[in-house]
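Asks: Below is one structure. I have some questions about it.
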């Protein structure tokens, strides 16, 4: 039974409402559908782009010679069409055309695209879903950060170059001072020339260059000082210069650092703000190195530079502020965010990663607490290797990657955006992710809605064709009707149900041509449906979710009757008005037949229980009467023998019924082990006839036996095969009126032997023949049930035949026309070597000595009766009802034989047997288990417990007499 179909959602609305931009293209790269988010992101209009070739709408920027967006996207789409797999692209620079009053200009944009295939019914890619994310802001921010870093590095390089030039100038001066000669004038000229070159060099660099003598008096400033401060350089102490030009907040720290440098003779380094000619302050990096007199070693000069680092300081402040904002955002966003460092092995393969930082949401969404500083292998040893491969790729290439994947070790799904963070020579990867485990179903629903949105983008006729292809493949009949009931669409399963010649319908009024009858076993069961009672009509009238069970007649020739379950739902427009109906019709004829068969089996079971009660009650009546007669105590010996015979016969009858039930149970549960040997099938027939001949002769039937002249050997269990044939003969004799004819025949056909039993009896109905070999099945009986039986014989016969690798069949032309049962068995080609020996019972021994027999049974009547039987056989009986009492008496009496019930209240028979075996006085006695459990496993359990023999209740008196006689005559 299938769930009634539900009205489909508005997939176009779902598609348009999706926040992620989506574009759908055909296999020829024409635009089939687009959602609102994509239109907004690309500044396009739906009607202007749908149906056009993708790259006519979005060409490369003609003003960018390096533009590669079209080529890269074409390559990705080709891979999807060729491989049928989704393709995730690296971040693409793909400028979009924007209409302006001056014409079309291209706006710089960066995108992260994913292309996913959609397959048609044949498995070919019919469409591609192009999903993008606009990452322009991220790329631009990354570029700005890179530019800022480059500027700072360049300024640092300039400062270094200036310092190097100063050092070179100092070295030049030192060399010139060291090379002084007596030619003082020449030396002075060279010094002046050197000083001139130094000043030219100092004035050529962008930094402020200054010198202070060993006493701490400023003696030189290059022209950059004047250009920046607007004040001519003058000789002055650093304290005065700092007080006049350095920002008041920085003055104290500056002088403290200068005094420390003067005292220690170490380099001077400080950052402070200097007032410009315009009156504003800018940050400068100030460095000075001491020059020591070669002779005395004292500091004679300080050479210093002041480098404008204001932009760098502002950038650092902005960076700190940005970092603060980042940290605030980092800690407050509901998405997980972490920074990891990839661990590579000696071959350069990513094998792990270490958490450098995580936000609170990261810890919540991964379940990994205190992860910072720890590796993923340490936190989750079974984490899949593909995560390391993905993050390693991002770290190596720097290409951001957006993906969804499952972390089985964490038992979660994640949506991850991974991108590289450049930090010196140790690139790290930042992860922005979200636990989407609970959203997978929603995502799957959205995926289906995306696919459905593709269908809605086509023209109505094409959509009907696709819907028809889906409906035709459905295993249930589906009909779509309009508001008047006219059939718009019907699938192949519907045509199969109703026949290809069905007339269709232009409206509800024409439903009268369709034949249907209520089949729901209600008061209307069997009544034909009126036109407005059909499911479609009632849906159009406003009934919600009808569910009907209807017998229909097809328009085939000849017509076919089926039982169908009909469900349906209305089709509504956007205002909720009913504009049509969708109806599903499921053929449940086989299920109805199965339910009928189940009911019949249940009925047969009830009949069997009734028959079992009857069959068990019948022998109880004469047994009860015999018991009453014996209770009177007035019967003579002849009457006692008559009474005893009645009881014995009825007990044998009841035992036979129980044995039949147990036999069926063992066979059907596969507990029967066949004792197979090579058998002459002719002898099997002879033995079976011998068993049934008394009944056949008593009913004055004429029996004909025909066997073939050629050998007919089978591999089987002689006892069971005789049981099969005798059962069939017995049924033929019972169900054929007296004086009838019975035929037993055998034919040999290649590798099979067929044994057939036919009669001129009451015959069988076709219905009975269909279930003849099922449990509890019986033909019609008269009220007196003269034939008896439980209806299990044929089921047992079939099971035994199948255990021999054969099969059985039945045929009857009807009531009063007799029946024929045929058994086929595999044939053995060669005769068995030698004749089969038959077991003969041993000759009875003489009367022997009188035995002492202890009977232990908590059922007083059963124990007493068994004791009477023992005494009647000429032996002494000791009757007890408790196990512990039996143990005590056994030490004194030391019986020869014990008859022990298994289900004793104080100690079961198995335990009692073990106790008796453990006593020296009773260790060698004969122990016989007496129980109502008579299956093979019960016998084996008794033997394992120490019993010598196992008797099933009621005890066979002849077998008991034989056992006692054998023990009495034993030496």
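The values are calculated or read from the model by the stated rules, or taken from the named source; none is laboratory data. Everything quoted here is computed from the prediction, not taken from an experiment. Don't worry about glycine lacking a Cβ; one is built from the backbone with ideal geometry, like all the others, and counts go over all protein chains shown.
Asks: Sort through 898, 910 and tell me the only one that's surrounded by 15 or more Cβ atoms within 10 Å (Cβ to Cβ) and either in a loop (DSSP other than H, G, I, E, B) or touching a strand residue (DSSP E or B) at 6+ places or on another chain (Cβ under 7 Å) (or both).
Replies: The conditions single out 898.
Asks: Next question. Looking at the stretch 927-939, which of the residues that are out of contact with any helix residue (DSSP H, G or I) (no Cβ under 6 Å at 6 or more places or on another chain) and part of a strand (DSSP E or B) is surrounded by the most Cβ atoms within 10 Å (Cβ to Cβ)?
Replies: Ranking the candidates gives 930 first.
This table checks each residue for (1) farther than 22 Å from residue 477 by Cβ; (2) in contact with a helix residue (DSSP H, G or I) (Cβ under 7 Å, 6 or more places away or on another chain); (3) surrounded by fewer than 13 Cβ atoms within 10 Å (Cβ to Cβ); (4) modelled with pLDDT under 90.
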| site | (1), (2), (3), (4) |
| --- | --- |
| 558 | no, no, yes, no |
| 574 | yes, no, yes, yes |
| 591 | no, no, no, yes |
| 596 | yes, no, yes, yes |
| 609 | yes, no, yes, yes |
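Asks: Here's a follow-up. Could you look through the stretch 530-544, keep only residues that are out of contact with any helix residue (DSSP H, G or I) (no Cβ under 9 Å at 6 or more places or on another chain) and surrounded by fewer than 16 Cβ atoms within 10 Å (Cβ to Cβ), and pick out the one that is modelled with the highest pLDDT?
Replies: 542
Asks: Does the stretch 518-545 hold any residues that are out of contact with any strand residue (DSSP E or B) (no Cβ under 6 Å at 6 or more places or on another chain), under 24 Å from residue 578 (Cα atoms) and either assigned to a loop (DSSP other than H, G, I, E, B) or not assigned by TED's automatic domain parsing to the domain that holds residue 479 (or both), and which are they?
Replies: 530, 534, 541, 542, 543, 544, 545
Asks: Among the residues of the stretch 292-314, which ones are loosely packed, with under 12 Cβ neighbours inside 10 Å and touching a residue at least 12 places away in the same chain (Cβ under 8 Å)? Before you say what the answer is, go through the steps one by one.
Replies: Filtering the stretch 292-314 for residues loosely packed, with under 12 Cβ neighbours inside 10 Å gives 294-298.
Correct list: 294, 298.
Asks: When the residues of the stretch 705-718 are filtered to those that are at pLDDT below 90 and surrounded by fewer than 13 Cβ atoms within 10 Å (Cβ to Cβ), which remaining residue is farthest from residue 675 (Cα to Cα)?
Replies: Among residues in the stretch 705-718 that are at pLDDT below 90 and surrounded by fewer than 13 Cβ atoms within 10 Å (Cβ to Cβ), the one farthest from residue 675 (Cα to Cα) is 709.
Asks: Just a yes or no: is a residue in the stretch 14-23 at pLDDT 90 or above, touching a strand residue (DSSP E or B) at 6+ places or on another chain (Cβ under 7 Å) and not in a loop (DSSP other than H, G, I, E, B)?
Replies: Within the stretch 14-23, one or more residues are at pLDDT 90 or above, touching a strand residue (DSSP E or B) at 6+ places or on another chain (Cβ under 7 Å) and not in a loop (DSSP other than H, G, I, E, B).
Asks: Consider the stretch 494-517. How many of its residues are outside any strand (DSSP E or B), surrounded by 15 or more Cβ atoms within 10 Å (Cβ to Cβ), without any contact (Cβ under 8 Å) to a residue 60 or more places away in the chain and within 42 Å of the chain's Cα centre (by Cα)?
Replies: Selection size over the stretch 494-517: 3.
Asks: Follow-up question, since we're still on this one. Hey, any hits in the stretch 760-783 for a residue that's modelled with pLDDT of 75 or more, under 21 Å from residue 691 (Cβ atoms) and surrounded by 19 or more Cβ atoms within 10 Å (Cβ to Cβ)?
Replies: yes
Asks: Mind listing whichever residues of the stretch 547-566 are closer than 19 Å to residue 507 by Cα and within 34 Å of the chain's Cα centre (by Cα)?
Replies: Hit for the stretch 547-566 is 566, nothing else.
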